Amino acid sequence: MIKIIGNIPNDVTLACSGGPDSMAILDFLVAGKKNVTVAHFDHGTSHGKIARKFVVEYCKSKNIPIEVGICTEEKDPDKSPEEWWRDCRHDFFKRIPGTIITGHHLNDVAEWWIFSAVNGNPRLIPYKNEKIIRPFLATSKETFMSWCNRKHVPFVLDPSNKNERYCRSRIRNNIMPEVLQVNPGFLTVLEKKVKEDFKNNYENI
């Protein structure tokens, strides 16, 4: 079951990469009669071109409005690729009016908590950051994959998710399975923390 934290506006822009998480959310929002505009950002990689073509064609076939941004600037040598892509993506979002939803989910929360804990300060992904909201932080990635399979929602997979050059990939592919062996209820623990964080800090915003 897809779980929502907070309220989703009737008119909303969804950051959609073309992966299973954001495609499931897009289908979910459209089925819920939301007026959705898609915001897709091409990071300038070989996969970025594939994903952009896929998302643009999907939106065209469903009559979904779409805004596309493309990373064309030279990478800052002082930043990791992950940092650089994130900053370029956020600059694109700033140019789009209204509320933007991202598809961050419970597994993202777990991976970020582990990464930040290893660096001395375990943190949750916040529900809100300026005009960006993350209503799906209590929903697992498995739920989105199941939605795509059951509803026959197409998606494209980013091969960088398996590239252990990136910290997020090493955490996802190597550390998370071990953590779940030590504590099978780890995601449930973080789901409770996410809901508590929303209630304490964002519910009345």
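Looking across S140, S160, S116, S146, one residue alone is modelled with pLDDT under 90 and of a type in the set (S, T, N, Q). It is S160.
Taking the criterion of being open to solvent by less than 10 Å² (accessible area, probe 1.4 Å) and either assigned to a helix (DSSP H, G or I) or free of Cβ contacts under 8 Å to residues at least 12 places away in the same chain (or both), the residues of the range 23-51 that qualify are M23, A24, I25, L26, L29, G48, A51. Please enumerate the residues belonging to the range 157-205 that are open to solvent by less than 40 Å² (accessible area, probe 1.4 Å), free of Cβ contacts under 8 Å to residues at least 12 places away in the same chain and under 30 Å from I50 (Cα atoms). Across the range 157-205, the qualifying residue is only S169. Where helices (runs of 4 or more DSSP H) fall wholly inside the range 166-205, the ranges with 1 or more residues that are more than 16 Å from V109 (Cα to Cα) are 176-182, 186-201. Summed over the range 98-121, the residues that are surrounded by fewer than 13 Cβ atoms within 10 Å (Cβ to Cβ) and either acidic (D, E) or free of Cβ contacts under 8 Å to residues at least 24 places away in the same chain (or both) give a count of 5. For the residues P154, P135, P126, the requirement of being surrounded by 15 or more Cβ atoms within 10 Å (Cβ to Cβ), under 27 Å from E57 (Cβ atoms) and of a type outside the set (D, E, K, R) singles out P135.
Quick grid of which residues meet (1) within 26 Å of D11 (Cα to Cα); (2) of a type in the set (A, V, I, L, M); (3) not in a helix (DSSP H, G or I):
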residue	(1), (2), (3)
G103	yes, no, yes
N107	no, no, no
A110	no, yes, no
F115	no, no, no
P135	yes, no, yes
N149	no, no, no
V153	yes, yes, yes
L157	no, yes, yes
S160	no, no, no
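Looking at this structure, is N129 free of Cβ contacts under 8 Å to residues at least 24 places away in the same chain and farther than 26 Å from T37 by Cβ? No; evaluated as a whole, the condition is false for this residue.
The values are calculated or read from the model by the stated rules, or taken from the named source; none is laboratory data. Here the structure is a predicted model, which is why all the values come from computation and not from measurement. Cβ coordinates were reconstructed from backbone atoms using ideal geometry, including for glycine residues, and neighbour counts include every protein chain displayed. Heads up: the accessible areas ignore ligands, DNA and RNA and are worked out on the full protein's heavy atoms, side chains in. Shrake-Rupley method; radii C 1.70, N 1.55, O 1.52, S 1.80 Å.
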